[in-house]
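Derivation of every value follows stated rules applied to the coordinates shown; laboratory data play no part. Quantities reported herein were computed from a predicted structural model and do not represent experimental measurements. Reconstructed Cβ throughout: ideal geometry from the backbone, glycine too, with neighbour counts over all protein chains shown.
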Amino acid sequence: MTLSIRRKVTLATLFALVCGFTVAGILAQRSLEQQELAQSSRTLEVRTNLVAYELRPLFLSTAARSAVPPLQSVVRELGTKALARITLVASDGRVLADSAVLEENLPTVENHRTRPEIQQAMTTGTGTDIRASQTTGERTLYRAIRLTDDDRTATVILRLGLPMTTLELELAQLRRNLMLAFGSAFLIAVGLSIWLARSLTKPLSDMAAAARRLAAGDPAAHIHTASRDEVGLLGDTLNQMADELRAKIDEVSEDRSQLLAMLTSMVEGVMVLDYRGRVLQVNPALERMFNVTRAEARGRQFSEVFGHPQLTALVSTVLTTRAGQEDEILLSPSGRCLHIEASVAGGEQENEACAVLVFHDITELRRLEKIRKDFVANVSHELRTPLTSIKGYVEALLDGGKDDPETSAKFLDIILKQSDRLNLILEDLLQLSKIESGQVLLKREPLQIGAVIERTLAMMRPLAGKKGHRLIVHIAPRLPLVNGDEERLGQVLSNLLDNAIKYTPEQGSITVAAHHIPSSAQSSEAKPESVEISVTDSGIGIPEQDRPRVFERFYRVDKARSRELGGTGLGLAIVKHIVEGHGGQVWVEGNLPTGSRFVVRLPVQPTGQPALHPSPVPSR
Ligand code: ADP
């Protein structure tokens, strides 16, 4: 059983008090008893001397003795006066007279020779004793003196017995008073000790409660002590300590939350490992990159979590050489490309950061790089083809072809066509570059998209007619206005229609449709109100894997065919830039049973909003 400090203090104080009071009581009682006894002894001595004085005439002479009344009656009378038992004992121990015994009973009284006080008086002249009287049965204080007559022939012992009853009664009374006094003092002491224990332990228990609240995370927990003693000092020190602790915790948690905010908002993946390669920390970007959760990864060996041989090798090198490393890895099946920078943090113990790996997703960078490289290669190739052709025919002409008018006319015609093609490519490239560099400003005016479609169709109709295509138009009535650049949107439509005509064998059908798409906020991504324009053909179609790439510069599904049909490979790239410059989207789908469907979605001008000023086409 554990006792509280208050109980311990109270019990210890009470124990000390009980012991103290008991010892004090015993000592006080004993000294009072001795004092009373000494007092009684002195009184008895005086009385004995007085009685001896009274009895002396009985021993002066035989003549005098005959004149006094009988011994027994004198003794009895003196006994009454002296308030004590008086006994006269002969030198042989025989009782001559006794105030406590009737005269007729005197012969039956036991011989007193062996009584201690009588023996002492016989030898020394005086004797004292305390004991229970055999004659009266009371506890009695005896004093005996030896009396001798004038001629020293007869010796008697005078003994006075003072019953202790009165003394004992007085002592009992005294004891009671003492008990009462000690009892009252004890009760006061108990009260005081409880108060003392309480006042001593109250601040301590308050401190314990405040410390518990502090431990439970209550920031307002504070120890209040009124006392200015050591306990008060302790309370102040604890308060100071708690304040400092709180400030430190605040600082640490602030640092931690800033660090967490940084880690959480980073687009780069971050992973922290200890010296054994156990994962200590991963950030949300890394969770997304590797499709693992923080809970799954933390505390586990990184190779178990990620299982990428190249990454495992990199981490092993970093942990063994304790030197920073860099590498690039490819994730499958996502095909994402990650650049890893591994640096050493230096932790040598468990749960201490030893290596920090930062993962940059460079998939987009690599894609753009590839596009750029492809573009450069494509431009060179596209320009070289007509140039080589021109050069070849010019050389042929110089080699004698010019002498034959028919051949030279044919060669010059080819040279003209190739020059036109070169010109077309350069024009398209120039336009694309202008759009990309933001030099082309898109006008923003409310447009009836139906009218734009009709105008473009009128322009393209002869071209379609040449190949015997059927042109079908479905324009929904009351289409909302689109905020855009009429000329550029017309170019989008003509590029799409031109492709549809080009890539559809003769006698095909081409459908141009436009309808309204109301805004929807139900799905996860809210779609704004827009107008959808589609150009569908029954032509050769585009294989599914090529569809996302046809909007890239110079990307052509069938290069030879495109070139043969006079394509530059830049038409759809221009379309995409213009549509996105209008805040819209463009994509291609397959058409059943054959052909393609190009879809352009343009946002509708918000009602009541004035037409916007021209805006540059975003560069990409
Ligand atoms: P091009 O000048 O070669 O037509 P584009 O950028 O307009 O260049 O088109 C890119 C490629 O997309 C074309 O080479 C062709 O392979 C494919 N393509 C475009 N439109 C169609 C279509 N309507 N049907 C089939 N293929 C198409």
>> Calculate log10 I(q)/I(0) of segment 439-616 for q = 0.11, 0.17, 0.20 Å⁻¹, where I(q) comes from the Debye formula with a single equal point scatterer on each Cα and nothing for solvent.
In response: -0.47, -1.10, -1.45
> In segment 332-432, which GluC sites (Glu not before Pro) fall in coil by DSSP and have 15 or fewer other Cβ atoms within 10 Å?
Replying inline: Glu348, Glu350, Glu352
>> Just to be sure I understand the curve: with the Debye formula and one point per C-alpha of segment 392-462, what is log10 I(q)/I(0) at q = 0.14, 0.17, 0.19, 0.21 Å⁻¹?
In response: -0.73, -0.83, -0.90, -0.96
> Taking the alpha-carbon set of the chain, what are its Rg and Dmax in Å?
Replying inline: 65.3, 215
> Counting other Cβ atoms within 10 Å of each Cβ, which trypsin sites (Lys or Arg not before Pro) in segment 118-215 have at most 14 and sit in a DSSP loop?
Replying inline: Arg152
> Cα atoms only, segment 74-115: Rg and Dmax in Å?
Replying inline: 10.1, 28
> At Asn291 and Lys391, where each label point lies 7 Å from the Cα along Cα→Cβ, what is the point-to-point distance in nanometres?
Replying inline: 5.0 nm
> With respect to the cross-link table entries Lys373/Lys434; Lys373/Lys576; Lys527/Lys559; Lys467/Lys559; Lys527/Lys576; Lys373/Lys443, which display a Cα-Cα separation exceeding 26 Å?
Replying inline: Lys527/Lys559; Lys373/Lys443
> segment 5-170: Rg/Rh from Cα coordinates, Kirkwood Rh?
Replying inline: 1.22
> Taking 0.36 nm per intervening residue step and subtracting the Cα-Cα distance, what contour gain separates Arg276 from Glu589 on full extension?
Replying inline: 107.5 nm
>> Using 0.36 nm times the number of residues separating Glu350 and Asn111, minus their current alpha carbon distance, what extension gain do you get?
In response: 75.6 nm
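Sort 530-537, 304-311, 355-362 for me by packing, meaning the mean count of neighbouring Cβ atoms within 10 Å per residue, highest on top.
Highest to lowest by the protection proxy: 530-537, 355-362, 304-311.
List the equivalent ellipsoid semi-axes of segment 435-540 in whole Å, largest first, each obtained as the square root of 5λ for an eigenvalue λ of the Cα gyration tensor.
26, 18, 14
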> Taking the Cα centre of the chain as the origin and placing charges on Cβ (Lys, Arg +1; Asp, Glu -1), which of Ile472, Ser41, Ala154 is farthest toward the positive end of the dipole?
Replying inline: Ala154
> For Leu233 and Asn49, what does the FRET efficiency come to when R0 = 56 Å and r is the distance between their Cβ atoms, rounded to the nearest 0.05?
Replying inline: 0.20
> What is the Cα centroid distance between segment 239-287 and segment 120-182, reported in whole angstrom?
Replying inline: 97 Å
> How much of the calculated P(r) for segment 266-361 lies past 15 Å, in percent of all Cα pairs?
Replying inline: 56 percent
> In segment 191-269, with Lys and Arg counted as +1 and Asp and Glu as -1 at Cβ, which of these residues, Leu200, Ile223, Ala211, has the Cα nearest the positive end of the dipole, that is, farthest along it?
Replying inline: Leu200
> Per residue of the chain, what 222 nm ellipticity follows from adding -39500 (n - 2.57) for every DSSP H run with n ≥ 4, rounded to the nearest 500?
Replying inline: -17500 deg cm²/dmol
> At what distance in nm do the modelled label points of Ala38 and Asp399 sit from each other, each positioned 7 Å from its Cα along Cα→Cβ?
Replying inline: 16.1 nm
>> At R0 = 35 Å, how high is the FRET efficiency between Met262 and Gln545 if r is their beta carbon distance? Nearest 0.05 is fine.
In response: 0.30
>> As a test of understanding, state the convex hull volume per residue of segment 222-264 from its alpha carbons, in Å³.
In response: 43 Å³
> What nm value, rounded to one decimal, do you get for the distance between Arg213 and Thr148 when each label is placed 7 Å out toward the C-beta?
Replying inline: 9.5 nm
> Expressed in nm to one decimal, what extension gain is obtained for the pair Arg300 and Leu204 from 0.36 nm per residue of sequence separation less their Cα-Cα distance?
Replying inline: 30.0 nm
> Can you pull the Rg over Rh of segment 166-276, Cα-only, Kirkwood?
Replying inline: 1.50
